[in-house]
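The values are calculated or read from the model by the stated rules, or taken from the named source; none is laboratory data. Predicted model only: the values in this text are computed from it and were never measured. Backbone-built Cβ (ideal geometry, glycine too); neighbour counts: all protein chains shown. Side chains are part of the model used for accessible areas, which takes the heavy atoms of the whole protein and leaves out ligands, DNA and RNA. Shrake-Rupley method; radii C 1.70, N 1.55, O 1.52, S 1.80 Å.
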Amino acid sequence: MEPLSEISGIAMGDAGSPTSYQGDGETQSLGSPPTERIISIDDAIERVGFGKFQRRVLWAAGLCFTADATEIMLLSFLSLTLQSEWQLTAAQAANMTACVFAGSLVGTLVLGYLGDHVGRRPAYLLSTAIIALFGVFTAFATGYSSLLGIRFMVGFGVGGLTVPFDIFAEFLPTSHRGKHLLVIEYFWTAGSLMTPLFAYLTLESSWRLFVILCAVPCIISGFLGACLVPESPRWLISVGQEDRALAVVRNAASVNGINRDWNVKLKDEQVEQSGFQDLFSRKWRRLTLLLWCTWAGYAIGYYGTILAVTRVFDADAIEGAEADGGVPAFDYKAIFISASAEVLGLFVVIQTVDWMGRIPSQVISYLGGGIFVFSLAMASGSANNSVLTILAFGARAFEWQAPARRG
């Protein structure tokens, strides 16, 4: 029979009394306080679990997705309304949309950099402040040139809305990450549905009230972020601020009602620094170019579909409005139905992405979206409204599945 000390891991003294024990790979004295254990940030987040704290961050970050959707969706209504009211050319109306995406390009480069080097939370709050401020300022634009400048700044803020997504992801335990990074996409869908509703309620009376309503989700998101969302502990660890990171983790655990032994220290996990040029190194060049092409295809397909659907359903109404300077008679019912396709698309993603795999399912989504968009374009002007609605519904459902499957 083996000695008791070998079985239990307890070391015995000369008098037969225990003096120390071995557990979790560490030897500790029974007569002294336990030493601090060093754990990784991943282990710490797992200890926190998923609960009230993460749901707070979900609402704050999710409303950023809602704000992103409303600010993009409103372009399809605002550009056509002002084209009629201000007697703009088709090229000028198109520039109103283009300047938002130009601002987003610049904003992603600037605010994304700030998120990596200054902190996730400051970049998040700055993004929401810019969108909320210039979203409201849009209502006070006095002419075409001022409107372009204001909407450029809105796009600049939209470019930073990837940072709240990062914050939410970095607070999630690994076991919850896949599901909840898909659930947050429902906030975007909510914004897609809210925008035609806002347009229906306000455009006939005032486009200025319409754009103010579309800025409300971002105002709420910024308020929630300032009150409820701390700095990402993963970012704090990456810049060597382990004590601050541990304080954030402890607070998250407290909010979740987790009372555990936090006599721990977080492992120093500073990330290896790299530059833009590293994307084109031999190791990453091929993957970089493929991902760029994939994302470009998605952006053209999805945002192009959003803008095209409005024009497909309201071509005659737009021409009539241009003639008398009134508000185009948008087919809100058809637009709302097509936008609701994203609810179905996201549900299908959540149910199938794990067993189908991300790459095969993305291929199917892109092919399906392309077929429906092409059919919609070919049928426009000849098919009846019901057929066009079905095609638009299919296009939005498949196009929306593709980005949702990327996580």
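Residues that are among the aliphatic types (A, V, I, L, M) and in contact with a Leu (Cβ under 8 Å, 6 or more places away or on another chain) number at least 3 in the following helices (runs of 4 or more DSSP H) confined to the stretch 148-233: 174-183, 207-228.
Within the stretch 334-348, the residues that satisfy the criterion of being at pLDDT 85 or above and farther than 21 Å from Val312 by Cα are Val343, Leu344. Can we say Thr89 is hydroxyl-bearing (Ser, Thr, Tyr) and either in contact with a helix residue (DSSP H, G or I) (Cβ under 7 Å, 6 or more places away or on another chain) or on the phi > 0 side of the Ramachandran plot (or both)? So Thr89 does not fit the description; no. For the criterion of being free of Cβ contacts under 8 Å to residues at least 24 places away in the same chain, among the aliphatic types (A, V, I, L, M) and open to solvent by less than 50 Å² (accessible area, probe 1.4 Å), Ile150 passes. Name the pairs whose Cβ atoms lie under 7 Å apart, with the first residue in the stretch 132-143 and polar (S, T, N, Q), the second open to solvent by 20 Å² or more (accessible area, probe 1.4 Å), and 6 or more positions between them or separate chains? So the pair list comes out as Thr138/Ile150. Residues that are open to solvent by 50 Å² or more (accessible area, probe 1.4 Å) and of a type in the set (Val, Ile, Thr) within the stretch 130-147 comprise just one, Thr142.
Looking at the structure I just gave you, is Leu105 without any contact (Cβ under 8 Å) to a residue 60 or more places away in the chain and assigned to a helix (DSSP H, G or I)? Yes: the conditions hold for Leu105.
Whenever a residue of the stretch 308-336 is farther than 19 Å from Ser205 by Cβ and open to solvent by less than 30 Å² (accessible area, probe 1.4 Å), its partners that are at pLDDT 65 or above and charged (D, E, K, R), lying with C-beta atoms within less than 6 angstrom and at least six residues away or across chains, give the pairs Phe313/Asp331. Scanning the stretch 352-405 for residues that are within 18 Å of Val183 (Cβ to Cβ), touching a residue at least 60 places away in the same chain (Cβ under 8 Å) and open to solvent by less than 60 Å² (accessible area, probe 1.4 Å) yields Val353, Trp400, Ala402, Pro403, Ala404. Filtered by the rule that a residue be outside any helix (DSSP H, G or I) and open to solvent by 60 Å² or more (accessible area, probe 1.4 Å), the stretch 108-129 gives a lone residue, Val118. Selection within the stretch 207-260: residues that are of a type in the set (Asp, Glu) and without any contact (Cβ under 8 Å) to a residue 60 or more places away in the chain. The member of this set that is surrounded by the fewest Cβ atoms within 10 Å (Cβ to Cβ) is Asp243.
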